[in-house]
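What follows is one structure encoded as structure tokens, with my remarks underneath.
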Amino acid sequence: AEVVYDLKADAYDRLRRSTRAAPALLVLFVLPADPAARLDHTEERLALRGCAYWLSLRGMPRSANAASVRVRIPRANQFTPAALERIMDAIRRNKDP
């Protein structure tokens, strides 16, 4: 399964450039549709419900669309602390995440 998102074409072009010194990533935070379900709080904690997903667009082809580009992010690409460590390790080794 995938998370589908319509990204503005200019943002897509900036993120896909392979001329950057370090890769840029798209991080998309997906919230529950119901605003009342997005936040849970007590005196002991504040919890924001949802999930963040990441995608590297580095090296992707230029889009012919001037308005937006539909991107598909695998649900396995959850932006977690462990995923961030793997991404940073890949960048340190000069590899794409």
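The values are calculated or read from the model by the stated rules, or taken from the named source; none is laboratory data. Bear in mind the structure is a predicted one, so any value in this text is a computation, not a measurement. Cβ: placed from backbone, ideal geometry, glycine included. Neighbour counts: every protein chain shown. We work out accessible area using only protein heavy atoms, side chains counted, and drop any ligands, DNA or RNA first. Shrake-Rupley method; radii C 1.70, N 1.55, O 1.52, S 1.80 Å.
At a probe radius of 1.4 angstrom, the accessible area of the chain per residue rounds to 71 square angstrom. Only one item in (1) 1.20; (2) 0.92; (3) 1.04 matches Rg/Rh (Cα atoms, Kirkwood Rh) derived from the coordinates shown, and that item is (3).
Solvent-accessible area assigned to carbon and sulfur over the chain amounts to 52 percent, based on a 1.4 Å probe.
Extension gain, residue 42-residue 92: 0.36 nm per intervening residue step, less the Cα-Cα distance, totals 14.0 nm.
What do you get for trypsin sites (Lys or Arg not before Pro) in the range 42-97 restricted to DSSP loop and a cutoff of at most 15 other Cβ within 10 Å of the site's Cβ?
45, 49, 62, 75, 93, 95
Stretching the chain fully between residue 30 and residue 17 yields a gain of 2.2 nm (0.36 nm per residue, less the alpha carbon separation).
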